[in-house]
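Remarks on the structure that follows.
Quick note: the coordinates plus some simple rules give every number you see, no bench work behind them. Predicted model, so just to flag it, every value in this text is computed and none were measured. Here Cβ is always computed from backbone atoms with ideal geometry, including for glycine, and neighbour counts include all displayed protein chains.
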Amino acid sequence: MSKMKKIDVLVIGRSCLDYIAVVDRFPEENQKTVLEFRLMEGGGQGGTAACCISKLGGQVVYVGKLGDDEEGRFCLKRLKDFGVSTEYIEIVSGGKTPVAYIFVTKATGDRTIIYERNALPKIEMDRTMDTLLRRSAVILLDPEATYFGKKLKNRRDQKIKIVYDGERWREGIEDVMAIADYFIPSSEFLKSKELNFNGLSFSERIFQLNTMIKGELIVTDGENGAYFIMDNRLNQIRPPQIKAVDTIGAGDNFHAAFSLALSKGFDLQRAVQFSVAVASLSCRDYGGRKGVPDWNEAIGMADPLKCIRL
């Protein structure tokens, strides 16, 4: 890759190996159930987002770390399979690539995740990262890169847009809230005890959180699509009718699509429409990556989606 080539989205964060088990129903504790089938796929919010951006035709660079183990080699191969540049991935000698065990309920596509904490070293802000920042239109920070909020405070061009994937409350998240141009949590984030939103309705929680961040707030809500504030009104983009077989990676793909849409100059409403379409389509196959559409299919699905003013 040329050193001067423009990067649409610079993705910083986690890669892992997903072991996926599809079951008819998730069993209660001390019970058992039949395994319908199983598969392996590359996972992690950052790794999945990078694959999605590449599949959509975007110029993406992924910065992350993997162990020099079998799991790491598998993850690296899957990134390459999707055309993701891997030159800025550090392979840690003796490092252990994290894994996640995911149980998908066949009838609904709902998933239960048991994940391994990442023990690999944190990503550093070095000269290489500075160069990548200068080449990038958008930076996507996944939850494991929350600590980068502090690192980016005084070390970025203000023209670069920062998108943050707000999975849950983490140490250092206040720094991200202060610098992110687009703060995109799931609806579960609104229930964080640190926010102390007890007694507030769903919409009231969104408006309250909006007062706590610097940039735009978009809240993803699964089968209800996504919510955002425009002209002091709450708006909703509902998803298209897609038969979801697996919701793994839907949130990661939403953040990926949104970041790419920003780099292409989409306004807020169209970016949310595009992201809802991509996230929904990604649920039509198992593993979070195989169902991701190309650019033309995504646009065709996104354009008819209506914006509902609430």
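Using a cutoff of 8 angstrom between alpha carbon atoms and counting only pairs six or more residues apart, the relative contact order for segment 153-310 works out to 19 percent. The DSSP beta bridges internal to the chain are antiparallel in roughly 45% of cases. Computed on segment 85-182, with alpha-carbon pairs under 8 angstrom and 6+ residues apart, the relative contact order is 21 percent. Percent relative contact order of the chain, based on C-alpha pairs within less than 8 angstrom and at least six residues apart? Once divided by the residue count of the chain, the mean separation gives 17 percent. In loop segments of segment 180-286 as defined by DSSP, the trypsin sites (Lys or Arg not before Pro) with at most 11 further C-beta atoms inside 10 Å of their C-beta are Lys193, Lys243. Please name whichever of Ala49, Ile20, Val63 sits farthest to the positive end of the charge dipole of segment 19-66, dipole taken about the Cα centre and charges placed at Cβ: Lys and Arg +1, Asp and Glu -1. Ranked along the dipole, the leading option is Val63.
Measuring between alpha carbons in the structure, the pairs from Lys106/Lys264; Lys6/Lys65; Lys77/Lys306; Lys151/Lys264 lying more than 32 angstrom apart are Lys106/Lys264; Lys77/Lys306.
Rounded to the nearest 20, the Cβ-based charge dipole of segment 190-301 about its Cα centre (Lys and Arg +1, Asp and Glu -1) stands at 80 debye.
Hey, got the dipole for segment 1-158? About the Cα centre, +1 on K and R Cβ, -1 on D and E Cβ, debye to the nearest 20?
On the way: 26 positive and 22 negative charges, 156 e Å.
Around 740 debye, computed over segment 1-158.
Of the three principal axes defined by the Cα atoms of segment 99-192, the extents in descending order read 46, 28, 24 Å.
So, counting K/R as plus one and D/E as minus one, what does the shell of residues with Cβ under 11 Å around Gly46 add up to? With Lys, Arg at +1 and Asp, Glu at -1, the neighbours total -2.
Each residue of segment 56-61 was assigned a 3J(HN,Hα) from its phi angle through the Karplus expression (A = 6.51, B = -1.76, C = 1.60, θ = phi - 60°), giving 7, x, x, 8, 10, 10 Hz with x at Gly and Pro.
Set against the labelled values (1) 43; (2) 55; (3) 48, percent of Cα pairs over 26 Å apart computed from this structure falls on (1). Under the convention that each Lys and Arg Cβ holds +1 and each Asp and Glu Cβ holds -1, the size of the dipole of the chain around its Cα centre is about 740 debye.
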